[in-house]
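Notes follow once the structure below has been shown.
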Amino acid sequence: METIYLECKGTCEDEEKLVFAGEILKNGGLVAFPTETVYGLGGDALNRESSHKIYAAKGRPSDNPLIVHIARWEDIYKITREVPKEAELVARAFWPGPLTMILYKNEKVPYETTGGLDTVAVRFPSHQVARQLIELGGGFVAAPSANTSGRPSPTNARDVAEDMNGVIEAIIDGGEVGIGIESTILDMTVSPPQILRPGYITREMLEEVLGQVDQDVTMFETGTGQAPKAPGMKYRHYAPKGKLVIVKGDRQAVVDYVNRQSEEARRKGVKTGVIATRETETLYHSDVVLSAGSRQDEDSIARHLYSCLREFDRQEAKLLFSESFEAPGIGMAVMNRLLKAAGHQVVEV
Ligand code: TXA
Ligand code: MG
């Protein structure tokens with residue numbers, strides 16, 4: 001299949017291109033598009049054939065449900081059995097935006113879209129291109145991140161193309177995304193509501209609206225003996241092709257450790273890489289040193305994390321290190337993704 005590229009960066013020709021892309025969706029095809037979090041791989045959420053195609057394009061296990069994206073408040077009522085008052089409060093506070101809610105689905109949503117579950121994940125993104133495409137594509141767009149299953153999520157159109165060129169009908173290029181890490185997932189079918197995946201909208205922000213909010217214990221730990229409640233969180237995820245280790249400790253100790261390990265690896269002919277920060281990037285001697293951003297600006301680290309992981313693959317670095325980014329706010333989500341990418345390999349120095 002030849003993939004069509006549509007550049008939509010806020011010019012007046014965008015509308016025409018989005019109408020075209022919307023037609024593809026309505027006809028059962030797949031279109032990758034930007035959202036404020038990461039790029040999504042869209043298909044008509046109410047068409048079971050489209051959902052099948054999404055799983056096939058990603059190589060994703062079909063028990064891993066898709067998020068249904070909407071572009072109007074009232075559309076939440078059209079695909080769910082009931083919308084509790086708390087969910088309305090959350091929607092009013094955080095939609096459109098990087099927050100996904102789990103609710104009971106109604107019969108309009110095929111089980112192919114929800115991976116066989118009676119619940120459905122619903123998200124109303126804020127990205128203008130996403131909103132227009134959803135409207136023009138019929139109003140209900142199923143969209144996982146637009147990566148091959150297991151790889152880091154794409155944050156720009158080039159990264160989408162790396163995985164999806166020749167596999168889907170079209171890719172909309174809307175430039176770099178703003179956040180860089182997938183939406184927070186909040187399960188509204190339990191009381192108190194529970195965070196299944198951390199993201200830009202934090203527990204503290206949700207608690208201001210809802211009172212107590214729990215979080216899935218498996219988000220940061222292994223060996224709890226429990227399966228994560230979001231089926232997708234059980235897979236090794238966001239992973240580069242090389243082996244990744246997170247190095248924790250004070251700055252100098254981390255730098256010394258990484259440099260020693262990199263030296264040793266170089267002697268064995270193994271290419272190394274490190275995710276550093278603007279504050280430390282000049283201190284490392286690894287082969288590929290990437291700065292994710294500045295510690296003064298945690299958001300910048302979230303924005304660049306996945307593109308760093310992909311860059312290691314492009315440069316064929318095989319032994320990778322990352323600084324640790326424990327911080328309140330988005331730091332939680334960054335660490336959650338890093339831990340998964342590293343298969344929970346952490347070294348304390
Ligand atoms: O920011 C995002 O949410 C992006 C953009 C494209 O919107 N989408 C995204 O989708 O991250 P995906 O498919 O990569 O991740 C969806 C996650 C998976 O872990 C899946 O298991 C979980 O949401 N999920 C979906 N429906 C669910 C449900 N009914 N119950 C529990 N977890 C669900
Ligand atoms: Mg994903």
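The values are calculated or read from the model by the stated rules, or taken from the named source; none is laboratory data. Worth saying up front: this structure is predicted, and the values here are computed from it rather than measured. So basically every Cβ, Gly included, is an ideal-geometry build from the backbone, and we count neighbours across all protein chains shown. The area values use the complete protein model at the heavy-atom level, side chains included, leaving out ligands, DNA and RNA. Shrake-Rupley method; radii C 1.70, N 1.55, O 1.52, S 1.80 Å.
Points worth noting:
- Tyr77 meets the stated requirement of being open to solvent by 10 Å² or more (accessible area, probe 1.4 Å), more than 16 Å from ligand 2 (Cβ to nearest atom) and either farther than 21 Å from Leu103 by Cβ or in a helix (DSSP H, G or I) (or both).
- When the helices (runs of 4 or more DSSP H) confined to segment 123-227 are screened for residues that are open to solvent by 30 Å² or more (accessible area, probe 1.4 Å) and under 28 Å from Asn47 (Cβ atoms), those reaching at least 1 such residues are found at 128-136, 157-164.
Condition check ((1) touching a helix residue (DSSP H, G or I) at 6+ places or on another chain (Cβ under 7 Å); (2) within 11 Å of ligand 1 (Cβ to nearest atom)) across all residues:
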position: Leu117; (1), (2): no, yes
position: Val122; (1), (2): yes, yes
position: Pro125; (1), (2): yes, yes
position: Gln128; (1), (2): no, no
position: Arg158; (1), (2): no, no
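- Cβ pairs under 9 Å, 6+ apart, first in segment 40-67 and on the phi > 0 side of the Ramachandran plot, second within 16 Å of ligand 2 (Cβ to nearest atom): Gly59/Thr148; Gly59/Ser149; Gly59/Gly150
- For Ala57, the criteria (1) within 15 Å of ligand 1 (Cβ to nearest atom); (2) part of a helix (DSSP H, G or I); (3) open to solvent by less than 10 Å² (accessible area, probe 1.4 Å) hold in every case but one, which is (3).
- Qualifying residues in segment 200-217 (those that are free of Cβ contacts under 8 Å to residues at least 40 places away in the same chain and in contact with a helix residue (DSSP H, G or I) (Cβ under 7 Å, 6 or more places away or on another chain)) - the one nearest to Glu316 (Cα to Cα): Gln215
- Hey, Gly116 on the phi > 0 side of the Ramachandran plot, outside any helix (DSSP H, G or I) and at pLDDT 95 or above or not: yes
- Unmet criterion (only one of (1) in a loop (DSSP other than H, G, I, E, B); (2) open to solvent by less than 10 Å² (accessible area, probe 1.4 Å)) for Asp63: (2)
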